[in-house]
Structures are given as C-alpha cells and as structure tokens.
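Trainee: Dropping a structure here in structure tokens format, bear with me for questions.
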Amino acid sequence: MAINNKTTAVILVVYTVVAAINVAAELQRFDHQPTKPDGSLDILVVGDWGRRGLYNQSDVAFQMGRLGEKLDVDFIISTGDNFYEDGLSDVEDPLFDESFTKIYTADSLQKQWYSVLGNHDYRGNVLAQLNPVLKQKDSKWLCLRSFIVNSGIVEFFFVDTTPFHDNYFTEEDHEYDWRGVLPREEYLSNLLKEVEVALDESSATWKIVVGHHTIFSAGSHGNTQELVDQLLPILEAKEVDLYINGHDHCLQHISSPKSQIQFLTSGGGSKAWRDEFNQWDPNQLKFYYDGQGFMSLHIYEDKIGAIFYDVYGVILHEWSTNKFTCKDV
Ligand SMILES: *[C@@H]1O[C@H](CO)[C@@H](O)[C@H](O)[C@H]1NC(C)=O
C-alpha cells in the first residue's frame, strides 16, 4: 500500500512536471546581434518564392542581391510558401537546390535566412523543411514553425499561421501534413499563449511579428479572419509595431486607425499579377502593387522604416516612423 502510494505520488509529480513543461514550452530563441556600430539593422523580406527561378523569381533574387550588398544586410526574412507547389517531398528534394541555393546566389544574400512555413509548404513533407540536415546543404537556411529572433533594439516573433486557417482542415482539394500540429486546439492555444508571454517579456524598442498569412489584405486572399479574431488582439495589446506577411502575391502596406500596427505584405517573390483586388479605404491602404518585388526594413533605436522594390529594384513605396524612448528624455 505504502509503495503504491509512493509510486502514485512519483508518477503524479513526473506527470505534473511534464504537463507544466508542455504548457510553458517556450518558443525557441535566436540571438542575432547587429554588426553595425550604431546597432541599427537592415533586413530584406521576401515571400512566396520557390519556383525554380521562374515567374521573375531570379530577377527579384538579383535585385535583392544588389540591394543586399549596398545595405550590407544583417539577415533575410522569408514570409513562407518557400517551395511551390507542394513544399519539399523530403530533405533530398532537388527543389531545395533549384529554388533556393541556386537562386539566391549573391554574396550579400549568404546571410542567415529566417523562414516560416506557408500553406503550400504544409502540402508537402512539412518535417523536411524543418530538418537541420538542410542547414548542412546550405548554411543560410533556417526554418522553424514559431520562434524568436532577438536583435538588440528589435525583437522578431515568427508565428506559424497555417494551422489557424479553418479551411485547410476541411477542404478536399489539397492534403496537408499536420504532423506536430495535432491536436489542433491545443497547438493553437499553446502557441498564442507563448506569443503573448514572449511579447509581454520583451524589452526591445521595436516588436515585429512575422507570419505567412495576412491579417488584413486587399489582395485575392483578403483578410484571415481567424488571425483577426485570435492573434490580432494580442498584437494590439502588446503594442506590436509591424505585422509582416506573405500569402497574397503582392506588395502592400495597410495601416488601420483602430490599431498602431502597420500591416506589411511582402509576397512578391515569384508568381504575381493576379489582378484580383478588393476595395479598401484609400486612407488605410497606403500602397498596393500586384507585381513581383520585395521589401527592406531599416531599424534604428528611434526610427523604423520599410521600403518596397519592384523587379527592377525601383523603389515603389517608402514608410517610416519615429519612436521616442526613455533615452531621449
Ligand atoms: C516580370 O516582371 C515584368 C515587370 O514587372 C512584368 O512585365 C512581367 O509580366 C513579369 N513576368 C511574369 C511571368 O510575371
């Protein structure tokens, strides 16, 4: 009897510890300190790209390389849909080489890439893109579901948005690889909790959230209601500065009077020109471009800016804002 009780107690303790670890599972963190002496950062952002160089992917890559050199970029962000049409089949899939390594060849782009998964990536073998073996094939590659990159004055929160999308769980046209995501309710509630806690604990001047799916968009996919309902309230409460996404194959800047957040879409990495556009309040839609291109971010202690470029490297739209921190007082 006594032994039984003791055994039960031990099992209970172990179970409680494991449960606590599950609930409080922290997002993986990466430290990427700026190299410029003033602590500022220059970053490129591209999304929806992997098509073996086709649909102007190579042209966008070339311009990214040119600008990357001029700016001496710190790193590159991919907003997902990394490999079309169905992600990677396994770690040996030649698409990794053909759509990534052989495309982004400029010296200036051989920096760390931080990538999230898009819905097309979930249509393949989702574990392949997350497999560390790919880093051995190409050291600039890094893709995780959700994670944090700390860069001094700025902190990036990468969020796995595909599992939020209700349709993907019911539609019959495509199959998704949900390994690691089920049970879905638990996965989503844990993720939202982790993001909320991490944002709460962040002392960075600038907080930037990156996901594949839109929150707001005038493009063909439009808003993602699940994210408007579940993620946006957290980002608003925690005073996030920018939400950056892909998914719609366009370049876009939306600012809403109801929110301090700027919504930036960089999804022009390859196939674009869909010519589907939803009416939007022109006071809020600061910029919309239906074609290919990419975005750069410029982050200083007291100022942040974004610039959008087309396939020729021509600047299409610029935005920036200031923030007065305690240090200025
Ligand atoms: C490539 O970019 C040019 C310039 O924007 C555009 O005219 C052309 O249609 C694009 N090609 C494709 C396949 O989208």
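The values are calculated or read from the model by the stated rules, or taken from the named source; none is laboratory data. The structure presented is a predicted model; accordingly, all values stated were derived computationally and were not measured. Because the Cβ atoms are built from the backbone with ideal geometry, glycine has one as well, and the counts that use them run over all protein chains shown.
Trainee: Quickly run through the stretch 196-207 and pick out the residues that are within 30 Å of Asn283 (Cα to Cα) and in contact (Cβ under 8 Å) with a residue 60 or more places away in the chain.
Mentor: Matches in the stretch 196-207: Thr205, Trp206.
Trainee: Okay, next question. Exactly one of (1) within 16 Å of the ligand (Cβ to nearest atom); (2) more than 21 Å from the chain's Cα centre (by Cα); (3) touching a residue at least 60 places away in the same chain (Cβ under 8 Å) is unmet by Gly39. Its number?
Mentor: Every listed condition holds for Gly39 apart from (1).
Trainee: Can you name every residue in the stretch 78-99 that is touching a Leu at 6+ places or on another chain (Cβ under 7 Å) and in a strand (DSSP E or B)?
Mentor: Phe83
Trainee: Can you find a residue in the stretch 234-248 that is within 16 Å of the ligand (Cβ to nearest atom) and within 17 Å of the chain's Cα centre (by Cα)?
Mentor: Yes, because at least one residue in the stretch 234-248 is within 16 Å of the ligand (Cβ to nearest atom) and within 17 Å of the chain's Cα centre (by Cα).
Trainee: While we're here: Of the residues that make up the stretch 276-287, is at least one farther than 28 Å from Val73 by Cβ, within 16 Å of the ligand (Cβ to nearest atom) and in a loop (DSSP other than H, G, I, E, B)?
Mentor: Start the filter on the stretch 276-287 by keeping residues that are farther than 28 Å from Val73 by Cβ, which leaves 276-284.
Applying the additional criterion that residues be within 16 Å of the ligand (Cβ to nearest atom) yields 276.
Then drop every residue that is not in a loop (DSSP other than H, G, I, E, B), which leaves 276.
Yes, the stretch 276-287 contains a residue that is farther than 28 Å from Val73 by Cβ, within 16 Å of the ligand (Cβ to nearest atom) and in a loop (DSSP other than H, G, I, E, B).
Here is a yes/no grid of residues against (1) more than 30 Å from Ser189 (Cβ to Cβ); (2) modelled with pLDDT under 95; (3) surrounded by fewer than 17 Cβ atoms within 10 Å (Cβ to Cβ):
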residue	(1), (2), (3)
His221	no, no, no
His247	no, no, no
Gln262	no, no, no
Leu285	yes, no, no
Tyr289	yes, no, no
Glu318	yes, no, yes
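Trainee: Return the pairs, sorted by first residue and then second, in which the second residue is part of a helix (DSSP H, G or I) and among the polar types (S, T, N, Q), the first residue lies in the stretch 47-58 and is under 15 Å from Tyr309 (Cβ atoms) and away from the ligand (no atom under 11 Å from the Cβ), the beta carbons are less than 6 Å apart, and the residues are 6+ apart or on different chains.
Mentor: Within 6 Å, the pairs are Trp49/Gln57.
Trainee: Turning to a different aspect of this structure: Tally up the residues in the stretch 65-78 that are under 24 Å from Ala128 (Cβ atoms) and either touching an Asp or Glu at 6+ places or on another chain (Cβ under 7 Å) or hydrophobic (A, V, I, L, M, F, W, C) (or both), please.
Mentor: Here the count works out to 3.
Trainee: Still on this model: Being surrounded by 15 or more Cβ atoms within 10 Å (Cβ to Cβ) and touching a strand residue (DSSP E or B) at 6+ places or on another chain (Cβ under 9 Å) is the filter here; which residues of the stretch 57-73 pass it?
Mentor: Gln57, Val60, Ala61, Gln63, Met64, Leu67, Gly68, Leu71, Val73
Trainee: Among the residues of the stretch 285-309, how many are without any contact (Cβ under 8 Å) to a residue 40 or more places away in the chain, under 20 Å from Gly219 (Cβ atoms) and not hydroxyl-bearing (Ser, Thr, Tyr)?
Mentor: 3
Trainee: Another one. Please go through the stretch 226-257 and give me each residue that is at negative phi and among the charged types (D, E, K, R), ordered by number.
Mentor: Across the stretch 226-257, the qualifying residues are Glu226, Asp229, Glu236, Lys238, Asp241, Asp248.
Matching residues to (1) among the polar types (S, T, N, Q); (2) within 16 Å of the ligand (Cβ to nearest atom):
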residue: Phe263; (1), (2): no, no
residue: Lys271; (1), (2): no, yes
residue: Tyr300; (1), (2): no, no
residue: Lys303; (1), (2): no, no
residue: Ile315; (1), (2): no, yes
residue: Asn322; (1), (2): yes, no
